[in-house]
1. Search the range 47-62 for residues that are closer than 17 Å to Val81 by Cβ and pair each with any residue that is assigned to a loop (DSSP other than H, G, I, E, B) and of a type outside the set (A, V, I, L, M) when their beta-carbon atoms are under 6 Å apart and the residues are at least 6 apart or on different chains.
2. Within the range 84-121, how many residues are more than 21 Å from Ile27 (Cβ to Cβ), in contact with a Ser or Thr (Cβ under 8 Å, 6 or more places away or on another chain) and in a helix (DSSP H, G or I)?
3. Let me confirm something: among Leu40, Leu72, which residue is within 17 Å of the chain's Cα centre (by Cα), surrounded by fewer than 22 Cβ atoms within 10 Å (Cβ to Cβ) and not in a strand (DSSP E or B)?
4. Where residues in the range 77-122 are in contact (Cβ under 8 Å) with a residue 60 or more places away in the chain and in contact with a Lys or Arg (Cβ under 7 Å, 6 or more places away or on another chain), which of them is surrounded by the most Cβ atoms within 10 Å (Cβ to Cβ)?
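Nothing in this text is a laboratory measurement; each read-out follows from the coordinates by a stated rule. All values reported here derive from a predicted model rather than from experimental measurement. Cβ: placed from backbone, ideal geometry, glycine included. Neighbour counts: every protein chain shown.
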Amino acid sequence: MRDIPRMNIDATGLRIGMVTSAYHEEITARMREAAIDAFLEAGGEEDDLYEVVAPGAFELVVLADALARKDLDGVVVLGCVIKGDTMHDQYICNSTSQMLAHISFEHEIPVGFGLLTLFSKEQGMDRAGGEKGNKGEETMNAVIATALGLQSIEEDLPDKLDTDEGDEEEGEEEYEYEVVEEYEDGEEVPEEELEYEEEEA
């Protein structure tokens, strides 16, 4: 068994999609810039980063799903939801997080969850380049590392279904079947009297 490797964030050759919410732009713009810088610093090329903007956090889902259906190695999702006077933030964050996880599972592609869920704008600034780091950078690095992990699995391990089918074919036994017809009284019909009808294609 191989030793567990450290996270590899070499983005050379990777194609990444990124969707950023325009809501609370003063926070999400800083996350976006940090995500781009992280991609380029890891060896990625500008032409291999496809960006799209979402009006708000809820719209991140459909755009992330559209990106996941394309020829990309990963999707970075960036947004910001700040709690207000109602429970609106809970509905948005719960549904968005669940759907993004489903998209990642369904399409077998890493979808980075960079959706900040905050009590105040100050918390967002702390997490968008402040004392808490930058969630945009963290999310991009996580997507790159996961994409490389998936590539390693595809290269190192055969598909289980294909292996099982191959085993069945190798061990499959051939059998010969004999068609026997009988009269109503139980006597066998001579072979020369059997009538066959061709099935229509």
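1. Final answer for the pair search is Gly56/Tyr23.
2. Our first condition is that a residue be more than 21 Å from Ile27 (Cβ to Cβ); within the range 84-121, this holds for 87, 98-99, 101-110.
Checking which are in contact with a Ser or Thr (Cβ under 8 Å, 6 or more places away or on another chain) leaves us with 110.
From what's left, in a helix (DSSP H, G or I): none.
Result for the range 84-121: 0.
3. None of the other options fit; the residue is Leu72.
4. Only one residue fits best here, namely Gly114.
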